[in-house]
Amino acid sequence: MAANQNTEWRTECEKFRLAQELSEIESRKDPENNPFRSKYKARDLLKEIHCSLKKNHIEEEEGEADNEADGESRQMADGEPGNERGKTCIGDSPAGLRAVRLAVVHYYLGVNHIETEELSAGEQHLMNCMKLIDKCTTTRENVSLFIQARNQLGILWAGRDEIEKAQGFLEIAESMYLLYMREDGQPPLDLQDYFVLEGEELSQQEKIRRFEMAYTHTLYYLAQVYKNLEQYERSGQYCHSTLQRQLEYKQFVPLEWAINAATLSQYYITKTRYMEARHCLAAASVIATLAGEIPSEADAKESDAECEKREELLQKRAEIARCWIKYCLNLMQDAKKLLEDNIGELDLERQEELKRARRNEEEEKEKGRKSTILFGSSDTFDSICSLEEKVSSMLPLDFEEARSIFLVGQSYVAQAKEYFAMDGHVTDHIEILQDHSALFKVLAFFEQDLERRCKMHKRRVDLLEPICKDLNAQYYLLICRQLQFELAETYYEMMDLKLAVADKQDQPDVHTIKKFNHLCSSSMKYYQMFLDSTRSPEGKFPEKLEDDLLRPALVAKFRLARLQSKLISNNLATQLENLTHSLESYSFVVQYCEENPEAKKAVETELELSIEMVSLLPLKINRIRSKMAPCN
């Protein structure tokens, strides 16, 4: 766009350039006690430009011929689309260009006030900007400003928790972009083009890049808006589009992009869209490498900058590894839900049925979905695809398929633990160990050999028991409870497996009985520790359990009762003691539910069995007493 070359205009262009430099570069060097020093200097320059433009605006408007204005009005009425009716000037007319130039200054003043936390003043300038450009038809001269002004107002209102108001501005910006690209599509003028001398305009390529970047921001902010409105499907779509565009136009910071892609994968996991989740994670892992090599410990000790870089790279890559763990774990757990029968065992008929169905459907399904989700450019696409091929996105239907996913998950566990070590990251480290334990647990479901399955559960014990013993319950009560309950459950499952093995033997040997009793006692110990953690400082068990403890505590009591009755002993006195304790535990469950009827729904199955055992166990106890009577 040609501009006047006189001294006055050169001065205005130089002021604008200085204002931009102050806002974007010099402001980073401002002292903590005066953080907006450069912003305020930039504002003063923008105000001077505004005064000068306002003066020229009035003079030029007064000097224009009336018939020119009439001609433009007739052209508007006859030739513009219906949604442009009522506009007072053509976007690329002299009046339209003057309005846009003034609106650009209002835009930058608005952004300046927002950045200095003067939101009301910022809003006023942005609205003044909108009023000026809303008088004009949308053309390549003003479309970028239309979109960017609405983006800023969308951000402003979202920050005030006026989400629907923000949505309105951003959706108009989106529709404006789509309409312009459909009807024109030429590189539009950038905001800075209004304050450069002839011959110093931005290149066509740079204009396109900046315009597309503005639209990418629109999509990014809309993704946040839809998330706040709980429109999660729509938010996920806009996040995906944002990430695609950032790669396409090379508008991204590698680690930031990678974390956003990994986060998006977790949304896809909740929707069981594992192909998309895997693609996001593979892309995250590849793009994260673009941030550079991790500095060595020696280099980190020598330089603060290298130390910070090492910390950030290790942390972000560990966070991506944790997202991979969740991917593998959820993929296996969803398969388990699909394959288990009504007692939680592998349904072999269902397994065969699913294998047949998958052979027929999965290939076409993958072809159809891949075309819409691909990330990457020519230099990263092959790396992303290569990483995807290392792990399936299909639900595993047998042990070998599950094991291959388990091994990938386990490799990411090792990677995540390198950064999230116990020393300094207690909670994160334990959560990773719990995920590792969960991977073993779900893998055991697919294993048909009972002894091997028992060994997998033993690995879970080996992971969690040392931590549970060392952790201070005073500071980590919730985590201690989680570990105690999981260890109790794990020993309980091992006990059930040993019982199933023993049932196949004519007469269990002494070693088998000893092992079985050890598993029972260990499970009882951890269930009791869990229950004791709910007691008051005086050691009193709560009369009414909190909602989050209700089911776990009653299940713990129920399983204690079962375990106490399962202990094997030839000694009648020991048998009597065990069964008496068992009856007490079953009675506790029944009595608690009688006194708190709302609890019945939480433990329907356990309550039904407890009621039955409360009536049966006294008979068994009496029989033992009868046997003991002649001995006394």
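Side notes on the structure shown:
- Selected residue (criterion: modelled with the lowest pLDDT) from residues of the stretch 112-146 that are of a type in the set (A, V, I, L, M, F, W, C) and either open to solvent by 20 Å² or more (accessible area, probe 1.4 Å) or part of a loop (DSSP other than H, G, I, E, B) (or both): L132
- Subset of the stretch 1-46 [under 27 Å from L189 (Cβ atoms), at pLDDT 90 or above, of a type in the set (S, T, N, Q) and open to solvent by 40 Å² or more (accessible area, probe 1.4 Å)]: T11
- Taken together, E198, E171 contain a single residue that is touching a residue at least 24 places away in the same chain (Cβ under 8 Å), closer than 26 Å to R43 by Cα, open to solvent by 20 Å² or more (accessible area, probe 1.4 Å) and not basic (K, R), which is E198.
- Test for L478: is it over 25 Å from I405 (Cα atoms) and either among the charged types (D, E, K, R) or not in a loop (DSSP other than H, G, I, E, B) (or both): yes
- Looking only at residues in the stretch 227-251 that are touching a residue at least 40 places away in the same chain (Cβ under 8 Å) and surrounded by 21 or more Cβ atoms within 10 Å (Cβ to Cβ), the one that is nearest to A19 (Cα to Cα) is L243.
- Boolean, D503 is within 19 Å of C454 (Cβ to Cβ) and either open to solvent by 60 Å² or more (accessible area, probe 1.4 Å) or in contact with a Gly (Cβ under 9 Å, 6 or more places away or on another chain) (or both): yes
- Subset of the stretch 156-188 [touching a helix residue (DSSP H, G or I) at 6+ places or on another chain (Cβ under 6 Å) and either outside any helix (DSSP H, G or I) or β-branched (V, I, T) (or both)]: I163, I172, P187, P188
- Residues of the stretch 421-461 satisfying the condition of being of a type in the set (A, V, I, L, M, F, W, C) and in a loop (DSSP other than H, G, I, E, B): A421, M422
- Of the residues examined, Q591 is one that is at pLDDT 95 or above and surrounded by fewer than 20 Cβ atoms within 10 Å (Cβ to Cβ).
- Matching option when the condition is closer than 25 Å to C51 by Cα and touching a helix residue (DSSP H, G or I) at 6+ places or on another chain (Cβ under 8 Å), among D193, D134: D193
- Enumeration of residues in the stretch 147-157 that are open to solvent by 30 Å² or more (accessible area, probe 1.4 Å) and aliphatic (A, V, I, L, M): I155
Conditions (1) in contact with a Leu (Cβ under 8 Å, 6 or more places away or on another chain); (2) surrounded by 19 or more Cβ atoms within 10 Å (Cβ to Cβ); (3) part of a helix (DSSP H, G or I), marked per residue:
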| position | (1), (2), (3) |
| --- | --- |
| L563 | no, yes, yes |
| S569 | no, no, no |
| S582 | yes, yes, yes |
| S587 | no, no, yes |
| E598 | no, no, yes |
| E608 | no, no, yes |
| I611 | no, no, yes |
| P618 | yes, no, yes |
| R625 | yes, no, yes |
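- For the stretch 397-413, the set of residues classified as within 19 Å of R452 (Cβ to Cβ) and within 24 Å of the chain's Cα centre (by Cα) consists of I405, F406, L407, G409, Q410, listed by residue number.
- Condition check for E308 on (1) within 19 Å of the chain's Cα centre (by Cα); (2) modelled with pLDDT under 95; (3) in the same structural domain as F406 (by the TED database): one failure, at (1).
- Criterion (assigned to a helix (DSSP H, G or I) and touching an Asp or Glu at 6+ places or on another chain (Cβ under 7 Å)) met by exactly one of L483, L464, L499: L464
- Test result for Q528, open to solvent by 30 Å² or more (accessible area, probe 1.4 Å), part of a helix (DSSP H, G or I) and not acidic (D, E): yes
The values are calculated or read from the model by the stated rules, or taken from the named source; none is laboratory data. Predicted model only: the values in this text are computed from it and were never measured. Please note: Cβ atoms are built from the backbone with ideal geometry, for glycine as well, and neighbour counts cover all protein chains shown. Ligands, DNA and RNA are stripped out before the accessible areas are found, and what is left, the full protein with its side chains, is counted by its heavy atoms. Shrake-Rupley method; radii C 1.70, N 1.55, O 1.52, S 1.80 Å.
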